[in-house]
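Structure first, then comments.
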Amino acid sequence: MSEIEKIDGFTEEEQLDFEAELQEGYAEIEDKYAVDTQQGFENVLVMDNIPIVDDSKKQKLVDRLRQLFAKAGAPIEEENISMPWDDKAATNKGFIFLTYPDAQQAENALRALDGASFGKSTLYVNRFGDIERYANLPVGEGELPTGWREKPYVEKDHLRSWLGDSAGRDQYLTFRDQDVSIWWNGRNGNAEPVKVDGKPLKNNKWGELYLQWSPLGTYLSSLHRVGVALWSGPKLDGPIGVNVLRFTHPGVRLIQFSPCENYLVTWSEEPLDNFENHPNAALRETFGPEDEGNQFVIWDIKSQRVLRTFPADKPIQGEDGPQQVAWPSFKWSPDDAYIAKCNVGTGIAVYELPGMGLLDKKSIKIEGVQNFEWCPMSEKDFAARKAGKGKECSFVYWTPEAQNQPARVSIMSIPSRNILRAKNLFNVTDCKFYWQNQGDYLCVKVDRHARKAKSKKATFCNLELFRVREKDHPVEVIEFKDYVPQFAWEPQGSRFAIVSSNDPNYGQGIPGVVVKYNIDFYQLDQKKGDFIPIKHLDSKIANTLVWSPRGRHIVLATIGSSQKFDVEFWDLDFVVDERRETSEPGANVTMLASGEHYGITDIAWDPSGRYLTTHASAWRSSPEPGFCIWDFKGQQLVHQPMDKFKQFLWRPRPPTLLSKDQIKKVRKELKEYSRTFDEEDAAEENRGSAEKLAQRQRDISEWNAWRARNNKKLDERRAQLGKEKKVVVNQDHKDDEKVEEIVEELIDETEEVVVG
């Protein structure tokens with residue numbers, strides 16, 4: 001028995017009982033707080049990048065963190081959160097320890113919380129055991145731990161290598177049946193397959209559903225039943241995670257890239273399941289229990305990480321049944337800073353990227369809002385934004401009439417939420433927004449109905465034209481008594497074209513009836529500041545407008561008709577008489593050519609504005625699938641009918657890297673460069689003729705060789721059968737002589753009298 005100090009007032013026996021009780025209590029405490037050396041620290045996580053606060057805000061920080069953890073599907077009790085404290089600074093140290101009941105819950109929390117946004121901070125989570133293990137690795141400088149293998153460095157191919165083509169050609173993609181081919185578009189429509197290591201670029205994985213280029217042409221996206229794959233680099237293939245990026249989303253049907261190619265939205269008709277116990281590891285790691293039931297997924301492309309998932313809106317019951325999903329449901333700001341969604345009737349939710357947190361932590365409440373569109377940004381705007389002087393992003397939205405309140409169109413800046421301009425409207429059925437691609441002008445096409453009409457079906461139209469770059473955003477109104485189904489701004493310019501119709505058969509869908517349309521062109525009068533009409537085309541059958549990406553040229557096409565398939569090429573700056581142009585606006589609007597493509601379903605310009613394709617897709621039940629390539633003057637260069645033809649896609653180009661001064665210099669010296677181009681064109685034509693002649697000579701040589709081989713075999717067979725070939729000599733012509741006869745013919749006779 002160990003010695004104990006004597007305590008006054010207690011006998012020795014009492015002191016022994018007192019000591020036994022103390023030892024028993026210590027044993028209970030040791031058992032309660034004993035460390036399980038077998039378990040280790042698998043249930044402990046370390047979270048970094050926590051905001052630094054003082055003691056007065058500590059409890060509030062913990063409460064907000066617990067709310068975030070619970071919302072992410074990883075709830076934790078406050079007593080299991082340990083926050084190291086800096087006594088000298090009287091603040092926390094910027095990280096915390098999270099202790100979960102078991103390793104499985106800790107793993108779930110790691111997947112749910114790593115990379116989560118917390119205010120302006122991004123939280124990073126690691127296993128405590130990993131930190132301990134990596135810190136205590138017995139390795140020297142430049143060595144690898146035992147059992148580790150050095151992973152070879154994989155250099156990433158140039159993602160825009162196709163832009164380095166010496167001939168400046170564009171690429172296009174054709175999808176027929178299950179076969180996908182990529183081609184170089186040469187002069188005069190001469191196509192050459194894109195080759196890799198001497199072989200045409202092919203991939204049997206591309207043709208499962210459909211394909212789509214990213215906005216700047218960097219990625220080719222292919223949709224599959226299990227998700228989306230993005231292909232990049234010179235080979236449009238390569239290592240997984242480098243040149244091939246995978247985004248797992250079962251049943252995906254629609255995708256949308258952000259304008260700068262940083263993010264991706266995917267949508268599936270079927271909601272996501274709970275993949276917590278799914279045998280596919282990719283599904284378990286990608287989606288958590290909180291994603292169950294959602295149909296939209298927002299992705300970060302480079303990291304292939306899910307930023308957030310959303311449920312789909314409930315289908316609205318219309319006159320003809322439930323309406324289909326509105327696409328795109330999410331809309332990106334032009335600089336990839338925000339993504340927004342219109343909650344019809346209540347407001348617009350704007351999320352900041354990449355954190356996907358609500359702007360100012362709340363939606364923008366707009367009662368009755370129906371739709372909105374972001375304002376595009378010009379190259380000047382992007383340059384100013386980089387210099388820190390750019391204007392805010394903005395979008396336009398509209399609200400319908402309600403009780404005694406008129407309908408209204410408003411332009412709001414983001415993130416300040418200031419209303420830049422508002423315009424009241426009356427007798428409104430619907431509004432559609434058309435931004436000019438540089439963000440200089442906005443057209444709000446207001447479909448209107450009669451004031452006292454029982455039906456609110458649109459019968460006429462107003463164009464509300466906003467000049468966005470000018471002070472106070474002045475608005476001009478152009479009224480039309482007819483319905484306007486089509487509107488299109490000229491890219492880079494201040495002109496626009498519209499399609500209108502007063503034909504009573506419009507919208508009736510009567511088989512065999514051809515609807516007549518009117519086409520009008522307008523331009524901005526620089527002196528008065530108003531838009532004036534410059535050309536009117538009456539009784540046309542064209543119902544589709546497609547401007548060249550460079551402006552000036554426009555194509556009028558008839559799409560959706562079972563009888564007419566016309567394609568007209570127009571030039572708005574065709575110089576006939578400069579003096580006439582100054583006195584008569586629109587005098588230079590000239591039709592260059594017209595053609596026809598039977599069964600046409602789609603039409604698209606190439607990025608350069610030099611070529612146009614019309615194609616007929618089997619997906620749209622075209623009677624003659626295939627495609628045609630035209631030059632901008634309307635000359636048909638290629639006509640390629642194809643059974644089971646599905647898609648034709650030009651590969652987009654990013655904006656030029658040349659400065660304005662460099663572009664001016666190129667235009668100034670264009671005549672010098674044109675000589676080189678003319679020589680190349682002539683050489684190309686000569687090369688084409690020489691290739692055709694050489695091919696014919698090869699064909700004749702092959703025919704003669706084949707004929708000689710077969711004659712030799714025939715002679716050998718005759719010899720085997722003892723039947724020698726008999727040479728028949730015609731005795732009547734044996735002694736014939738060849739006589740060359742020269743015939744002279746008098747073509748003209750002139751008699752001249754010379755007077756001496």
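The values are calculated or read from the model by the stated rules, or taken from the named source; none is laboratory data. These numbers were taken from a predicted model, which means no experiment stands behind them. Note: areas computed on protein heavy atoms with side chains; ligands, DNA, RNA excluded. Shrake-Rupley method; radii C 1.70, N 1.55, O 1.52, S 1.80 Å.
Would you mind classifying the stretch 631-671 by shape? Square roots of the alpha carbon gyration tensor eigenvalues, ordered a ≥ b ≥ c; an a/c under 1.5 is rounded, otherwise it is prolate if a/b is larger than b/c and oblate if not. Here the stretch 631-671 falls in the oblate category.
In the stretch 482-619, the convex hull through the Cα atoms has an average projected area of 9.4 nm², a quarter of its surface area.
Length gained on full extension, LYS528 to GLU24, computed as 0.36 nm times the residue gap minus the Cα-Cα distance: 171.6 nm.
Principal-axis analysis of the Cα atoms of the chain puts helix 103-113 at an angle of about 50° to the longest axis. For the chain, the longest principal axis of the C-alpha atoms and the axis of helix 58-71 are separated by about 50°. In the chain, the longest principal axis of the Cα atoms and the axis of helix 12-32 are about 0 degrees apart.
Counting only protein heavy atoms and a 1.4 Å probe, tell me what percentage of the chain's accessible area is made up of carbon and sulfur. Working shown, then result.
Details: 22680 of 47180 Å².
Here it works out to 48 percent.
Averaged over all directions, how much area does the convex hull of the C-alpha atoms of the stretch 623-710 cover when projected, in nm²? Please report the intermediate quantities before stating the final value.
Numbers: hull surface 45.2 nm².
Average projection, Cα convex hull of the stretch 623-710: 11.3 nm².
One chain, two ends: GLN720 and ARG149. Fully extended at 0.36 nm per residue, the span grows by 198.4 nm beyond their Cα-Cα distance.
Each listed q (0.11, 0.21 Å⁻¹) maps to a log10 I(q)/I(0) for the stretch 187-263, found by the Debye formula over equal Cα scatterers with no solvent: -0.32, -1.02.
Entry for the chain at q = 0.08 Å⁻¹: log10 I(q)/I(0) = -0.88, Debye formula applied to identical alpha-carbon scatterers, no solvent contribution.
Which of the three applies to the stretch 37-101, rounded, prolate or oblate, going by the alpha-carbon gyration tensor with a ≥ b ≥ c and a/c under 1.5 meaning rounded? Judged from the Cα gyration tensor, the stretch 37-101 comes out oblate (a/c at least 1.5, b/c at or above a/b). Taking all protein chains into account, the per residue accessible area for the stretch 460-524 stands at 45 Å² (1.4 Å probe). Here, the stretch 355-414 is characterised by an Rg to Rh ratio of 1.09, where Rg is the alpha-carbon radius of gyration and Rh the Kirkwood radius.
Leaving out ligands and nucleic acids, note down the accessible area per residue over the stretch 300-451 with a 1.4 angstrom probe, in whole Å².
52
Per-residue surface analysis assigns ASP440 an accessible area of about 40 Å², computed on protein heavy atoms at 1.4 Å probe radius.
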